[in-house]
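Undergrad: Quick one: this structure, given as structure tokens, is what I'll be asking you about.
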Amino acid sequence: MCSEPKPTILFTKGEIETTVRRLAGEISRDYRGKYPLLIGVLKGSFMFMADLIRLLDFPLEVEFIRLSSYGKDKESSGKVKVVQGLRSQIKGRDVLVIEDIVDTGLTTAFLLDYLQKKKPASLRLCSLTDKPSRRKAPVIIDYLGFTVPNKFLVGYGLDWNEKFRNLPDIGVLEDEE
Ligand code: PRP
């Protein structure tokens, strides 16, 4: 990878908007009247979460959890840590986890297990993207935006070395090695 990689657009802002709208419709259909707790996984999900919830026109609550499984490069260390925990009780709540990407699945599998132990009434997962070719831990994604190829994604919250989160599109970084 060169020092200043340039992303190639994979999904445009417009394609993302259409997909987020579809997901909001599916979530509204299932959660309207249930007063769910949406838990965004920081940092990557912040932009998706913000766009998604403004399309949900029923009462809900928002929480965030920060996990870390990646170092400052493109490969997962495989070790998941809770960097910032929940402040809300989730026992008895209808919980919907909001992720930007399920890659190896190690982060999400850890998180779902962690949350399930707190005895929510229900626990589901919404992920904007899914990279099934890299899966190491099985994960069921209840609400999925895009299935993506085995490329490194950036933009719309996703980073490479903390850069590119602010891109309005989702791009890929090509390996140049
Ligand atoms: C990313 C992403 C997921 C996780 C998926 O987070 O937001 O939480 O990796 O990877 P996995 O399926 O291989 O476990 P990351 O640890 O990069 O932190 P960030 O969201 O702060 O960028």
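The values are calculated or read from the model by the stated rules, or taken from the named source; none is laboratory data. Because the structure is a prediction, the values reported are computed rather than measured. Glycine also receives a Cβ, built like all others from the backbone with ideal geometry; neighbour counts cover every protein chain displayed.
Undergrad: Test each condition in (1) in contact (Cβ under 8 Å) with a residue 60 or more places away in the chain; (2) crowded, with 20+ Cβ neighbours inside 10 Å for THR129 and report the one that comes out false.
TA: (1)
Undergrad: Residues of segment 87-136 being in a loop (DSSP other than H, G, I, E, B), within 12 Å of the ligand (Cβ to nearest atom) and over 14 Å from the mean Cα position of the chain (by Cα), which ones? Before you say what the answer is, go through the steps one by one.
TA: Of segment 87-136, the ones in a loop (DSSP other than H, G, I, E, B) are 87-93, 103-105, 117-121, 131, 135-136.
Now restrict to residues that are within 12 Å of the ligand (Cβ to nearest atom): 103-105, 131, 135-136.
If the condition is that a residue be in a loop (DSSP other than H, G, I, E, B), within 12 Å of the ligand (Cβ to nearest atom) and over 14 Å from the mean Cα position of the chain (by Cα), then ARG135, LYS136 are the ones that fit.
Undergrad: Now a separate question. Name the pairs: first residue in segment 141-169 and under 11 Å from PHE11 (Cα atoms), second residue part of a loop (DSSP other than H, G, I, E, B), Cβ to Cβ under 6 Å, at least 6 apart or on different chains?
TA: VAL148/LYS131; VAL154/PRO7; VAL154/PHE164; GLY155/PHE164; GLY155/LEU167; GLY155/ASP169; ASP169/THR12
Undergrad: Residue check, ARG165 against (1) within 18 Å of LEU52 (Cα to Cα); (2) crowded, with 20+ Cβ neighbours inside 10 Å; (3) within 11 Å of the ligand (Cβ to nearest atom), all met but one. Which one?
TA: Only one criterion in (1) within 18 Å of LEU52 (Cα to Cα); (2) crowded, with 20+ Cβ neighbours inside 10 Å; (3) within 11 Å of the ligand (Cβ to nearest atom) is unmet by ARG165, namely (2).
Undergrad: A further question on this structure: Which of (1) modelled with pLDDT of 95 or more; (2) in a strand (DSSP E or B) is the odd one out, the single condition VAL82 does not satisfy?
TA: Every condition holds for VAL82 apart from (1).
Undergrad: Could you list, in sequence order, all residues of segment 19-46 that are closer than 17 Å to ARG165 by Cβ and assigned to a helix (DSSP H, G or I)?
TA: Scanning segment 19-46 gives VAL20, PHE46.
Undergrad: Now for a different question. For segment 146-177, which positions are small (Gly, Ala, Ser) and either part of a loop (DSSP other than H, G, I, E, B) or touching a helix residue (DSSP H, G or I) at 6+ places or on another chain (Cβ under 6 Å) (or both)? Explain how you work it out, then say what you get.
TA: Let us first name the residues in segment 146-177 that are small (Gly, Ala, Ser), namely 155, 157, 171.
Of everything in segment 146-177, just one residue is small (Gly, Ala, Ser) and either part of a loop (DSSP other than H, G, I, E, B) or touching a helix residue (DSSP H, G or I) at 6+ places or on another chain (Cβ under 6 Å) (or both), namely GLY157.
Undergrad: Report yes if ASP142 is under 25 Å from ILE16 (Cα atoms), within 9 Å of the ligand (Cβ to nearest atom), acidic (Asp, Glu) and surrounded by 12 or more Cβ atoms within 10 Å (Cβ to Cβ), otherwise no. Talk me through it step by step, then tell me what you get.
TA: Numbers: under 25 Å from ILE16 (Cα atoms): yes; within 9 Å of the ligand (Cβ to nearest atom): no; acidic (Asp, Glu): yes; surrounded by 12 or more Cβ atoms within 10 Å (Cβ to Cβ): yes.
Considered against the rule, which asks whether it is under 25 Å from ILE16 (Cα atoms), within 9 Å of the ligand (Cβ to nearest atom), acidic (Asp, Glu) and surrounded by 12 or more Cβ atoms within 10 Å (Cβ to Cβ), ASP142 comes out as no.
Undergrad: Something else: I'm checking my understanding of the structure. Among residues of segment 126-177 that are over 14 Å from SER45 (Cβ atoms) and touching a Cys at 6+ places or on another chain (Cβ under 7 Å), which one is modelled with the highest pLDDT?
TA: ASP142
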